[in-house]
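Working notes for the structure below.
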Amino acid sequence: MEYLAALSKVKYGCQGYSSNFCLSVMDKEYQEDCSEEAAIDIVKKCIHELETRFLLAQPNFIIKVIDKHGTRVISYGADPDDN
């Protein structure tokens, strides 16, 4: 569900200003039979794109994996809890 309460099925997505940079990476890299490692690699490419092109320097990112086994967190870069 987006901020205007429109609900639609999507294969991938992102929100906010970063979507201007990340959606093009996801369009290019996403595959239907994508493994978890490949999906995390796509997210890392999105983070690299943000580090290259975004106006603000953001050193901390959190990657959250949601699957049939539950939810888990994968840290990327500096640990956000350190700040």
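Can you pull out every residue in segment 1-25 that is farther than 16 Å from Val65 by Cα and either basic (Lys, Arg) or assigned to a helix (DSSP H, G or I) (or both)? First the steps, then the outcome.
Kept after step one, since they are farther than 16 Å from Val65 by Cα, are these residues of segment 1-25: 1-10, 15-25.
Scanning segment 1-25 gives Lys9, Ser19, Asn20, Phe21, Cys22, Leu23, Ser24, Val25.
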Which number in (1) aromatic (Phe, Trp, Tyr); (2) more than 24 Å from Ser75 (Cβ to Cβ); (3) under 12 Å from the mean Cα position of the chain (by Cα) marks the one condition that Tyr12 misses? (2)
Pairs under 6 Å by beta carbon, first residue more than 20 Å from Asp27 (Cβ to Cβ) in segment 39-63, partner in a loop (DSSP other than H, G, I, E, B) and open to solvent by less than 70 Å² (accessible area, probe 1.4 Å), six or more apart or different chains? Pro59/Ala78; Asn60/Ala78
Looking for whichever is assigned to a loop (DSSP other than H, G, I, E, B) and either open to solvent by 100 Å² or more (accessible area, probe 1.4 Å) or touching a Ser or Thr at 6+ places or on another chain (Cβ under 9 Å) (or both) here; the options are Glu49, Glu37, Glu32. Which one fits? Glu32
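The values are calculated or read from the model by the stated rules, or taken from the named source; none is laboratory data. Because the structure is a prediction, the values reported are computed rather than measured. No Cβ is skipped: glycine too gets one built from the backbone with ideal geometry, and neighbour counts run over all protein chains shown. Surface areas here come from the heavy atoms of the whole protein model, side chains and all, with no ligands, DNA or RNA. Shrake-Rupley method; radii C 1.70, N 1.55, O 1.52, S 1.80 Å.
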